[in-house]
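Peer 1: Below you'll find the structure I mean.
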Amino acid sequence: MKDEELIKEKANSKIKQKASKKSGVFSINTSYSRSELELLQHVIYTNSFRETSIGGDMYWFALALNFKDFKRVAKNKFFWNRYPMMEFMARKKVFCSVTNRMRKTFDKQFGFSPISFLLPEEAGPLEAYME
């Protein structure tokens with residue numbers, strides 16, 4: 001994306017953010033979402049948010065943020081659902097393993113993290129936990 005397009009997108013984003021602040025409705029940009037779009041739209045409409053494809057208070061990225069996305073995130077003021085430059089940690093199994101290990105090692109600091117199980121590897125412990 002060229003610098004001119006980034007500047008134009010930033011201006012559009014600021015206009016949309018001002019409009020959403022005036023109306024008091026939180027808006028989510030779904031233009032970067034993929035297979036989770038149907039669930040995301042359900043959450044948006046259930047919570048009386050507004051779906052948008054230009055600007056918005058939050059951008060929903062389906063994949064890990066690449067460098068181009070990171071530049072967009074760094075230049076604009078909005079929320080996003082991914083950690084920048086953390087493609088490896090964006091994988092569910094890796095993230096689950098790391099957070100489980102952190103919760104076991106640092107219980108007080110990571111007690112907020114939910115108990116997670118890797119399937120099918122941890123099917124036995126999951127069944128035991130459910131009983």
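The values are calculated or read from the model by the stated rules, or taken from the named source; none is laboratory data. Quick caveat, the model's predicted, so the values are computed rather than measured. With ideal geometry, Cβ positions are generated from the backbone for all residues, glycine too; neighbour counts draw on all protein chains shown.
Peer 1: Those residues that are under 26 Å from residue 63 (Cβ atoms) and surrounded by 10 or more Cβ atoms within 10 Å (Cβ to Cβ), I need them from the stretch 104-118; list them, please.
Peer 2: 110, 113, 116, 117, 118
Peer 1: May I pose another question? For the stretch 84-103, give me each residue that is surrounded by 11 or more Cβ atoms within 10 Å (Cβ to Cβ), under 30 Å from residue 68 (Cβ atoms), without any contact (Cβ under 8 Å) to a residue 24 or more places away in the chain and among the basic types (Lys, Arg).
Peer 2: Matches in the stretch 84-103: 91 only.
Peer 1: Let me ask you something else. Testing residue 62 on (1) in the same structural domain as residue 38 (by TED's automatic domain parsing); (2) loosely packed, with under 11 Cβ neighbours inside 10 Å, one condition comes back false. Which one is that?
Peer 2: (2)
Peer 1: Can you tell me which residues in the stretch 7-55 are hydrophobic (A, V, I, L, M, F, W, C), under 21 Å from residue 69 (Cα atoms), assigned to a helix (DSSP H, G or I) and modelled with pLDDT of 60 or more?
Peer 2: Across the stretch 7-55, the qualifying residues are 7, 37, 40.
Peer 1: On to the next question. Restricting the first residue to the stretch 104-123 and requiring it to be in a loop (DSSP other than H, G, I, E, B), which pairs with a second residue that is of a type in the set (Val, Ile, Thr) meet a Cβ separation below 6 Å and a spacing of at least six or different chains?
Peer 2: From residues that are in a loop (DSSP other than H, G, I, E, B), the pairs are 113/99.
Peer 1: Now, a different point. It is to be established whether one or more residues within the stretch 68-76 are at pLDDT 90 or above, out of contact with any Gly (no Cβ under 6 Å at 6 or more places or on another chain), surrounded by 11 or more Cβ atoms within 10 Å (Cβ to Cβ) and at negative phi.
Peer 2: No.
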